[in-house]
């Protein structure tokens, strides 16, 4: 370790302190949490996984936990998903453990039995109770089947040990099998695994006990304990404490914090959740057990991690998606370069949404995540002078990656700030994390020597004779105009008028277009306070009882009512918001429902006049008496410069919204910019 990397020079003394586990020591208090990224099932996926985890080990993380691997076929998340039940399976994993160890890292394999969450007809559970988020009703495990499952867990750990893993994490939270046995919500058994607390806890305890007996004393066993179920019929606090103490006695090395079941209707990791929103529950558990506790959820900067540890909320912090966003998170913190960390904005668009769609996960702000062997930024032998027009997400991604490779990059932006459409998104309540992406790009422009030209509207004439070898047009989009009678009425505004120009908006509003922008504008209009910076109000808003007086820690929601009357309208007859992200769309719909936003589908727009917005819904004619009509009806590529730039006879590349408008898709724009930069 070079002197510049010494932890003593860093302000993150708690985060970077080693953690002695007795038989082994972790070099810092940062755990890379488990994520299923889809490479587990891809052809050649293990080599890609090895590169993915090795990059994070090289980046200095103290301990890595893999995505969930099933101990048997019934526990599969989906058909042919990752499984560890033979020496043949174990042998495939050795490339991963070897790669991590070669970079000085440690890695545990998560053992996950999905139970009734299994997306296949062979799934099993404590009782034959169907999950609301999967189509298959589970079979109730026989008593003999439960004992076989316990043995499968232990044998899975043995195979993981033979594969070179430093330990395992036994997944006992998030509503998976062990959680299903523990909670009365899903356990209606009358054998030794149902009924009393002792019986419902037996699967968890015996699994840890038998696993410890099989792997011996010098192997890490993390138990992921559901400390907040956040569902009706969840565990009360005294039962959670009972299980934690029993798990410690059974031989666990560490206890990790699990928050919420997947079917819970409370957001737990989306961008609208306050940072470190649930560390208080880990702190509460610290007085009950003596083994180290790991806390988790929405910890995305070294400053937040350090504060959590300094305040005594936990012994270790788990961050999963922040290591998709930046594999060098810890190394940068050690070098006092937290301003150079590419911060996770908790958007879920390229990670969790992809995972639930059976696609390979990646990261909106870091398209290289899970593509380490495919998207490579090699230093160029011959630098090119490149002009980039537009400093939105696509232009920023291209400019920084191209400069990283060694090109001479000039970035032109007609406004006074970088960011493009991100400057609108960051103003939406619950999307404040988008500021972090712009902070990161602004810093990278400085570090990498990109020549930034703000307040500069360029054209072909301005670029001619400047020595540019290639031009990249990332000019973004323009809002699509409304074409109905009255489209130019004073009541009509675009989302640009609202989010960029902050024009005053009346108390009665119709929003035309229920895509992502329509939802953003609606939330902007009805949310009166920023709940992401007021944890207690946020918990109250979503009905989370910090005193844990009720099972599952749920209580009545307290919503601050809005003073605006908002209609959110769409032409499509499908459910309003159906096209939103799979893991976050329900949060946006629920948030608007909290504020009595009237969401209407199958709407055709007739005209706008002094009386308001005239619409047809089916065969019914209505007039919405509104003060303003805000148009969020899509975008068109902004390509005004294309013809004259082509006349320069210099290679022209078009990326981002200028290439394809669609929804405002920053994920696609940043990936396009990165892929072009990798090959130019």
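The values are calculated or read from the model by the stated rules, or taken from the named source; none is laboratory data. The shown structure was predicted, so the numbers you read here are calculated from the model rather than taken from an experiment. Here Cβ is always computed from backbone atoms with ideal geometry, including for glycine, and neighbour counts include all displayed protein chains.
Please tell me if residue 81 is assigned by TED's automatic domain parsing to the domain that holds residue 254, modelled with pLDDT of 95 or more, farther than 22 Å from residue 199 by Cβ and in contact with a helix residue (DSSP H, G or I) (Cβ under 7 Å, 6 or more places away or on another chain).
Judged against the criteria, residue 81 is not a match.
So that you can scan it fast, the table gives a plain yes or no per residue for (1) under 30 Å from residue 356 (Cβ atoms); (2) touching a strand residue (DSSP E or B) at 6+ places or on another chain (Cβ under 9 Å); (3) surrounded by 14 or more Cβ atoms within 10 Å (Cβ to Cβ):
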residue	(1), (2), (3)
568	yes, yes, yes
588	yes, no, yes
603	yes, yes, yes
619	no, no, no
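The rows are residues; the columns are (1) assigned by TED's automatic domain parsing to the domain that holds residue 216; (2) touching a residue at least 24 places away in the same chain (Cβ under 8 Å); (3) more than 10 Å from residue 106 (Cα to Cα); (4) part of a loop (DSSP other than H, G, I, E, B).
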position	(1), (2), (3), (4)
16	yes, yes, yes, yes
23	yes, yes, yes, yes
28	yes, yes, yes, yes
40	yes, yes, yes, no
43	yes, no, yes, yes
48	yes, yes, yes, no
56	yes, yes, yes, no
61	yes, yes, no, yes
remark   = Checking 161, 198 in turn, the sole residue that is assigned to a helix (DSSP H, G or I) and under 19 Å from residue 247 (Cβ atoms) turns out to be 198
note = Those residues of the stretch 433-453 that are free of Cβ contacts under 8 Å to residues at least 60 places away in the same chain and either under 30 Å from the mean Cα position of the chain (by Cα) or part of a loop (DSSP other than H, G, I, E, B) (or both) come to a total of 9
ask   = Is the stretch 132-144 home to any residue that is touching a residue at least 24 places away in the same chain (Cβ under 8 Å), more than 27 Å from residue 89 (Cα to Cα) and part of a loop (DSSP other than H, G, I, E, B)?
value = yes
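Go through the stretch 641-680 and give me each residue that's in a loop (DSSP other than H, G, I, E, B) and touching a strand residue (DSSP E or B) at 6+ places or on another chain (Cβ under 9 Å).
Hits for the stretch 641-680 are 641, 648, 650, 651, 655, 659, 660, 661, 662, 663, 664, 680.
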task = Considering every residue within the stretch 339-354, establish whether at least one is in contact with a helix residue (DSSP H, G or I) (Cβ under 8 Å, 6 or more places away or on another chain), outside any loop (DSSP other than H, G, I, E, B), in the same structural domain as residue 14 (by TED's automatic domain parsing) and at pLDDT 95 or above.
result = yes
inquiry  = Can you confirm whether residue 403 is over 24 Å from residue 39 (Cβ atoms) and buried (at least 22 other Cβ atoms within 10 Å of the Cβ)?
reply    = yes
query = Looking at the stretch 503-515, is at least one residue in a helix (DSSP H, G or I), within 29 Å of the chain's Cα centre (by Cα) and modelled with pLDDT under 95?
reply = no
task = Check whether at least one residue in the stretch 148-158 is assigned by TED's automatic domain parsing to the domain that holds residue 206, surrounded by 24 or more Cβ atoms within 10 Å (Cβ to Cβ), at negative phi and not in a helix (DSSP H, G or I), and report yes or no.
result = no
query = Scanning for something surrounded by 20 or more Cβ atoms within 10 Å (Cβ to Cβ) and part of a helix (DSSP H, G or I), does the stretch 463-472 turn up at least one residue?
reply = yes
